[in-house]
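K.L.:
Below is a structure I'd like to ask you about.
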Amino acid sequence: MNQEERTLILFKPDCVRRNLSGVILQRLLAEGFVLRGIKMMQLDDKILREHYAHILDLVIEGEPLFPKLSAFMQSSPVIAVILQGPGVVTRVRNILGPTNSQKAEKGTIRGDYGTNSMLNVCHASDSPENALVEIDRFFAKDEQY
């Protein structure tokens, strides 16, 4: 947990539309993490297919998940953030709470601001290895500090 790491966080369209990005970034920075990159961007099918490759064929309640997820993630710009700090991947995921906001405790970001599994305010990398891949997916090398 003391090893210096980087993680990617995406402030999703529900977060951006509700103007929660600053509040959430402040909560994360208050934990002592260092900001190493930040930008607003409009996502497209290409980057979303790459980012969600692990669920492209997932069907929930008889419907494929990806088309609905892709439409949501393209419904407004997102804010991509790189944070660095000791154990940042696990610590950020704990601060966010479970993916399903309905199961997240109050006091976690998703418990305080999320609605469900899709409208859950933020994406965060799930491992140090995936974080490096995701950071390179959303940030050019000269955008990483």
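K.L.:
Specify which of the listed residues (Asn120, Asn116) is closer than 17 Å to Arg18 by Cβ, modelled with pLDDT under 95 and surrounded by fewer than 17 Cβ atoms within 10 Å (Cβ to Cβ).
P.N.:
On the way: Asn120 fails: surrounded by fewer than 17 Cβ atoms within 10 Å (Cβ to Cβ).
It is Asn116.
K.L.:
Please state which one of Arg93, Arg49, Arg27, Arg17 is among the charged types (D, E, K, R), at pLDDT 95 or above and closer than 21 Å to Leu132 by Cβ.
P.N.:
Numbers: Arg49 fails: at pLDDT 95 or above; Arg27 fails: closer than 21 Å to Leu132 by Cβ; Arg17 fails: closer than 21 Å to Leu132 by Cβ.
So the residue among Arg93, Arg49, Arg27, Arg17 that is among the charged types (D, E, K, R), at pLDDT 95 or above and closer than 21 Å to Leu132 by Cβ is Arg93.
K.L.:
For region 32-60, what are the residues that are charged (D, E, K, R) and within 13 Å of Ala80 (Cα to Cα)? Give the derivation first.
P.N.:
Step one: of region 32-60, the residues charged (D, E, K, R) are 36, 39, 44-46, 49-50, 57.
Selection gives Arg36, Lys39.
K.L.:
Only one of these is of a type in the set (Asp, Glu) and under 22 Å from Arg18 (Cβ atoms): Glu129, Glu134, Glu105. Name it.
P.N.:
Values: Glu129 fails: under 22 Å from Arg18 (Cβ atoms); Glu134 fails: under 22 Å from Arg18 (Cβ atoms).
Step by step, each of Glu129, Glu134, Glu105 is checked, and only Glu105 is of a type in the set (Asp, Glu) and under 22 Å from Arg18 (Cβ atoms).
K.L.:
Also, quick follow-up: Find the strands (runs of 3 or more DSSP E) located wholly in region 1-113 whose residues include 2 or more that are surrounded by 20 or more Cβ atoms within 10 Å (Cβ to Cβ), and list them.
P.N.:
The qualifying strands (runs of 3 or more DSSP E) are 4-11, 78-86.
K.L.:
Could I ask something else about it? I'd like to check something: does region 53-65 contain any residue that is at pLDDT below 95 and under 30 Å from Asn2 (Cα atoms)?
P.N.:
Step one: filter region 53-65 for residues at pLDDT below 95, giving 53-65.
So of that shortlist, the ones also under 30 Å from Asn2 (Cα atoms) come out as 54.
Checking region 53-65: at least one residue is at pLDDT below 95 and under 30 Å from Asn2 (Cα atoms).
K.L.:
Just to be sure I understand, how many residues within region 1-56 are in contact with a Lys or Arg (Cβ under 8 Å, 6 or more places away or on another chain) and either among the polar types (S, T, N, Q) or without any contact (Cβ under 8 Å) to a residue 40 or more places away in the chain (or both)?
P.N.:
Final tally of qualifying residues: 1.
The values are calculated or read from the model by the stated rules, or taken from the named source; none is laboratory data. Not measured: the values here are computed from a predicted model. Because the Cβ atoms are built from the backbone with ideal geometry, glycine has one as well, and the counts that use them run over all protein chains shown.
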